[in-house]
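The values are calculated or read from the model by the stated rules, or taken from the named source; none is laboratory data. All figures in this text were calculated on a predicted structure; none of them were measured in a lab. Here the Cβ is made from the backbone with ideal geometry for all residues, glycine too, and neighbour counts use every protein chain on show. Note: areas computed on protein heavy atoms with side chains; ligands, DNA, RNA excluded. Shrake-Rupley method; radii C 1.70, N 1.55, O 1.52, S 1.80 Å.
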Amino acid sequence: MPQSSPYQPVLLRILHGIAALLVLLALSSGFLVYNTYDKRWGSLALPTLGDIQGIHGTIALTFLLFLPLFVLYSFHLGYRRLLQEQSFSQLKQFGKPVWWISLHRLANTLMLLAVTFAVVTGRMMKEEWLPAGEIYHQWYLAHLVAWSCVFASLALHLLMGIKVGGVPLLVSMFDWKIRDEDTPRFWLQGIKINHSSLILKVIESVAIGGIIMAFILPVFNP
């Protein structure tokens, strides 16, 4: 019998689809920036785009403006997909189904933290550094680390998604089906304003704090 696809809320599919597109664009354009100006750890023979830094910066800024909405959804409507208090004990049950589910939640949480790290470090860079060959700045090196973290987190996010729900889970994120009870007036049902989970409060504070820093810190960066 064919395996049925799980149903995902429409709001999740919309926000997740936008986030996925922006992350993929940011990763690919970020690699092209590195491939054009740095190449210390290897490179590919790819065409050079004249204003690749500007393209990457525009994508990154768009993602930064979108990120608060996605973070608020993740922690207040989609929190069940993130790390939970019991996840730490469940991660000790190696190989069991609950272990894989907890690992999937961990991957989702790491993805949020990785993209927050990326937007903070990216905002602290100067456009003139790389064209001038100044590839030694600490914020640039930190941004390279952040790019690597986002790439690794995305890979883990996809692998755990396939392991936990298989291809049907991935397909369900891009399904066009809409149930009657999933129209816009029902989208905020189940919202949780205050978490009882300390771990979720801490992680959300880090993510929100990082986003605020991404807006404020460049003002103090001469």
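Could you please find all residues in the range 87-105 being in contact (Cβ under 8 Å) with a residue 12 or more places away in the chain and either in a loop (DSSP other than H, G, I, E, B) or closer than 18 Å to LEU170 by Cβ (or both)? Correct list: LEU91, TRP100, ILE101, LEU103, HIS104, ARG105.
Per the conditions (1) over 18 Å from LEU24 (Cβ atoms); (2) free of Cβ contacts under 8 Å to residues at least 40 places away in the same chain; (3) touching a Phe, Trp or Tyr at 6+ places or on another chain (Cβ under 8 Å); (4) part of a helix (DSSP H, G or I), the sole criterion not satisfied by CYS149 is (1).
Within the range 167-193, residues that are within 23 Å of PHE75 (Cβ to Cβ) sit with their Cβ atoms under 6 Å from residues that are aliphatic (A, V, I, L, M) and surrounded by 10 or more Cβ atoms within 10 Å (Cβ to Cβ), at 6+ positions apart or across chains, in these pairs: ASP182/VAL10; TRP187/LEU11; ILE191/LEU77. Of all residues in the range 32-45, those that are assigned to a helix (DSSP H, G or I) have Cβ atoms under 8 Å from Cβ atoms of residues that are open to solvent by 50 Å² or more (accessible area, probe 1.4 Å) and not polar (S, T, N, Q), 6 or more apart or on another chain, in LEU32/LEU46; LEU32/LEU49; TYR34/TRP147; ASN35/LEU44; ASN35/LEU46; THR36/LEU49; TYR37/PRO131.
Table: residues versus (1) of a type outside the set (S, T, N, Q); (2) open to solvent by less than 50 Å² (accessible area, probe 1.4 Å); (3) in contact with a Pro (Cβ under 9 Å, 6 or more places away or on another chain).
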residue	(1), (2), (3)
TRP99	yes, yes, no
LEU103	yes, yes, no
LEU110	yes, no, no
THR121	no, yes, no
MET125	yes, yes, no
ALA132	yes, no, no
ILE162	yes, no, no
PHE174	yes, no, no
ASP180	yes, no, no
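When the range 182-222 is limited to residues that are of a type in the set (S, T, N, Q) and either open to solvent by 90 Å² or more (accessible area, probe 1.4 Å) or part of a loop (DSSP other than H, G, I, E, B) (or both), the one that is nearest to ALA118 (Cα to Cα) turns out to be ASN221.
Can you tell me which residue in the range 138-160 is nearest to TRP41 (Cα to Cα), limited to those that are polar (S, T, N, Q) and open to solvent by 30 Å² or more (accessible area, probe 1.4 Å)? First the steps, then the outcome.
Just the residues of the range 138-160 that are polar (S, T, N, Q), to begin with: 138, 148, 153.
So of that shortlist, the ones also open to solvent by 30 Å² or more (accessible area, probe 1.4 Å) come out as 138, 148.
Working: GLN138: 17, SER148: 12 Å.
Once the filter is applied, the top-ranked residue is SER148.
With respect to the conditions (1) open to solvent by less than 40 Å² (accessible area, probe 1.4 Å); (2) assigned to a loop (DSSP other than H, G, I, E, B); (3) not hydroxyl-bearing (Ser, Thr, Tyr), ALA114 lacks only one, and its number is (2).
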